[in-house]
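What follows is a single structure, written as structure tokens, with notes after it.
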Amino acid sequence: MKTYFNQENLDVYREAITFSGWVGELLGEISAKAAAKDQLDRASTSLPLNIAEGNGKFSTVDRARFLEIARGSALECAACLDVLEVRKIVAAERMLPAKERLVRVVNMLMGMLKRFSGRAKFLREDEGLYAIEHEQEADHEQE
């Protein structure tokens, strides 16, 4: 496939575009009016747009800023999928491939951010600490 712009060579951009296409198909099948549906449309559009814009920046600070926004859009898409699922608008089985694609996108963005951002270590939760806090919350709920 012929590429016209640099972002088209990025795996993360291609994954984001594929995800955005999947979302378009999904939204076409949902007749229900739901804020999460509209937000998913916006966030899934924002994802590749910010990857492309960030890739076009010369400054590493500017590039990292747009990649952080793209990462936020990916996480927002995941939350929208959760809302659509919990409200029984879309079946859980339908979400699995999309969630797996979003995990790949977030991981690729994290890899890029580690190169371009001095704050990359703060962009991901420390799972060990989170698990401990979550267990403590569960213990308090049982008391």
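What the range 8-111 shows is 51 Å² of accessible area per residue, with the surface traced by a 1.4 Å probe over protein heavy atoms. Pairwise Cα distances in the range 12-100 exceed 23 Å in 24 percent of cases. List the trypsin sites (Lys or Arg not before Pro) within the range 13-83 that fall in a DSSP loop (any state other than H, G, I, E or B) and whose Cβ has at most 14 other Cβ atoms within 10 Å. Passing sites in the range 13-83 are 33. Computed with the Debye formula from one identical point scatterer per Cα of the range 9-51, without solvent, the log10 of I(q)/I(0) at q = 0.25, 0.30 Å⁻¹ comes to -0.82, -1.02.
The values are calculated or read from the model by the stated rules, or taken from the named source; none is laboratory data. These figures come from a predicted structure and were not determined experimentally. Note: ideal-geometry Cβ built from the backbone for every residue, glycine included; neighbour counts use all protein chains shown. The accessibility values were calculated without ligands, DNA or RNA, using every heavy atom of the protein model including side chains. Shrake-Rupley method; radii C 1.70, N 1.55, O 1.52, S 1.80 Å.
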